[in-house]
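Notes follow the structure.
The values are calculated or read from the model by the stated rules, or taken from the named source; none is laboratory data. Computed from a predicted model, the values in this text were never measured in an experiment. Virtual Cβ from ideal backbone geometry, glycine too; neighbours counted across all protein chains shown. With ligands, DNA and RNA removed, areas are computed over all heavy atoms of the protein, side chains included. Shrake-Rupley method; radii C 1.70, N 1.55, O 1.52, S 1.80 Å.
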Amino acid sequence: MEADRCAPGSPPPPIASSCLPPGGGQAAAPTEPPTWPPDPDRPVPAELLEFDDDEDLEVFSKDASLTEVNSFSPLMPTSPSSMINQYKFDDEPELKDLFITVDDPESHITALETFITYRVVTKTMRGEFDSSEYEVRRRYQDFLWLKGRLEEAHPTLIVPPLPEKFIMKGVVERFNEEFIERRKKALHKFLNRIADHPTLTFNEDLKIFLTAQAWELSSHKKQGPGLLSRMGQTVKAVASSMRGAPVKNRPEAFTEMMDHVEVFSQKINLLDKISHRVYREERDYFCELKEFGPIHTLWSTSEVDLADTLKGVAGCIDKCCKATEKQMAGLSESLFPTLHEYVLYSEILMGVLKRRDHIQAELDSKVDALYNKRAENDLLSEEIGKLEDKVECANNALKADWDRWKESMRLDMKLTFSDVAENNIHYYEQCLATWESFLTSQTDIRLEEPEDQH
């Protein structure tokens with residue numbers, strides 16, 4: 001690697017514009033109309049990263065079926081007032097009627113704890129809301145409560161992920177400005193994905209979350225299941241997830257989903273790892289590059305004949321440093337959040353599939369009991385009928401949401417890696433133009449010297 005190090009000011013190897021392999025079979029059309037703004041005109045570049053560690057990329061050659069996958073890409077408005085502008089998509093029959101923004105983080109210090117709240121502004125034209133605009137403040141625990149309630153009400157729908165409660169480096173950085181800003185954007189995306197979902201958007205707990213004042217929300221939380229009930233549900237869920245025996249009558253479609261999610265989890269985690277490694281290498285390059293500018297400036301003071309040339313080199317290096325810094329910011333602000341969100345999505349998908357299996361297992365157990373206890377046939381038959389309906393509803397909900405998720409994930413990845421590619425191109429063009437301009441000026445100086453001698 002050291003032998004291949006770039007000359008001062010020359011850019012490092014770029015991160016590829018696309019890291020996902022070509023897709024496999026065509027995904028089925030979603031049963032619900034999509035609510036995200038598609039961008040079909042932007043091309044998806046084809047190549048992955050070039051790295052020395054072949055084993056890091058080996059997993060990508062094992063399955064090429066993950067490019068057609070989803071999430072709803074809400075645009076972050078610059079202010080609450082900008083949300084009122086309605087827009088309609090080609091394939092969407094109705095106007096968007098729920099606009100949410102998360103902003104204005106605020107620190108709160110009490111005798112017992114320190115926490116951050118975020119302003120949540122909602123603008124809507126829905127008749128079930130008493131007003132067209134709401135403004136409330138919510139802390140992270142409130143978002144966590146909403147996510148839990150959505151999963152309870154819709155166990156086989158794909159509820160968007162929340163950012164983790166703590167970051168890997170420790171609790172101390174919870175109130176770091178960069179961390180708060182990153183969390184604010186993630187919470188904004190979380191609410192907008194829910195608002196764009198055809199089912200979750202009409203959930204009553206979401207409405208309460210968006211409209212209730214703090215004391216009203218606290219009161220509503222207390223009306224939910226008690227602590228012992230929640231603990232019982234948690235223990236039951238954990239016990240069912242730990243069972244090693246597979247579901248007897250799981251449809252083939254859901255077995256394929258499970259396999260798909262396992263491979264997707266490997267790939268997205270690897271992409272996340274690679275992107276951070278690229279960022280670290282680019283940061284090391286940037287730190288080294290910053291040292292060359294002052295060196296050339298200092299050098300120019302001792303070389304009178306080369307002073308202008310050396311100062312010109314220092315100026316070019318400074319411009320390349322600024323371009324590199326901007327390039328790094330683009331990676332951390334655009335690529336990292338998208339990849340990490342889908343790392344979290346892979347965990348959520350596995351949880352949804354396990355909850356579907358749990359419903360299926362209940363049905364299987366009742367069917368087995370029907371054969372073992374002939375005397376209770378009537379009662380068991382009634383229970384089996386209800387469970388069959390429940391399994392059918394769960395299967396249909398998951399299939400529809402799965403197709404939406406895959407399509408939205410594909411669009412998110414396409415937009416993200418297209419942006420990375422465009423930023424790379426702009427970065428290299430900027431650095432190249434800087435050095436070409438400098439070389440041209442030096443060539444002109446050399447051509448003028450013979451004329452001065454005559």
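Please report the carbon-and-sulfur percent of the accessible area for segment 250-301; probe 1.4 Å, protein heavy atoms only, DNA, RNA and ligands left out.
C and S fraction of accessible area: 56 percent.
Per the 1.4 Å probe, what fraction of the accessible area of segment 98-231, in percent, lies on carbon and sulfur atoms?
On the way: 3680 of 6830 Å².
Heavy-atom surface of segment 98-231 belonging to carbon and sulfur, 1.4 Å probe: 54 percent.
Can you give the accessible area per residue of segment 252-448, in Å², using a 1.4 Å probe?
On the way: 10090 Å² over 197 residues.
I get 51 Å² per residue for segment 252-448.
Once you keep just the Cα pairs under 8 angstrom separated by 6 or more residues, what percentage relative contact order results for segment 252-448? Each step should come with its number before you reach the end.
Details: 111 pairs, mean separation 54.5, N = 197.
Once divided by the residue count of segment 252-448, the mean separation gives 28 percent.
Which length gain, in nm to one decimal place, applies between E422 and R280 when the Cα-Cα distance is subtracted from 0.36 nm times their residue separation? Before the final figure, lay out each step's value.
Values: separation 142, 0.36 × 142 = 51.12 nm, distance 2.04 nm.
Stretched out fully, the E422 to R280 stretch lengthens by 49.1 nm.
How large is Rg over Rh for segment 266-316, taking Rg from the Cα atoms and Rh as the Kirkwood inverse mean of 1/r across Cα pairs? Kindly include the intermediate steps, with their values, before the conclusion.
Values: Rg = 17.9 Å, Rh = 13.0 Å.
With Rg and the Kirkwood Rh in hand, the quotient comes to 1.37.
Using r as the Cβ-Cβ distance of E382 and L144, and R0 as 25 Å, what FRET efficiency do you calculate, to the nearest 0.05?
Details: r = 38 Å, r/R0 = 1.51.
Efficiency for this residue pair is about 0.10.
How much accessible area per residue does segment 98-231 have, counting only protein heavy atoms and a probe of 1.4 Å, in square angstrom?
Values: 6830 Å² over 134 residues.
Value for segment 98-231: 51 Å² per residue.
Quick one: pull the percent of accessible area on segment 308-361 belonging to carbon and sulfur, 1.4 Å probe, ligands and nucleic acids left out. Intermediate results must be reported in sequence, preceding the final value.
Details: 1110 of 2020 Å².
For segment 308-361, the apolar C and S fraction of the accessible surface comes to 55 percent.
Magnitude of the Cβ-charge dipole of segment 252-448, K/R +1 and D/E -1, about the Cα centre, nearest 20 debye?
Details: 24 positive and 39 negative charges, 38 e Å.
Dipole of segment 252-448, to the nearest 20 debye: 180 debye.
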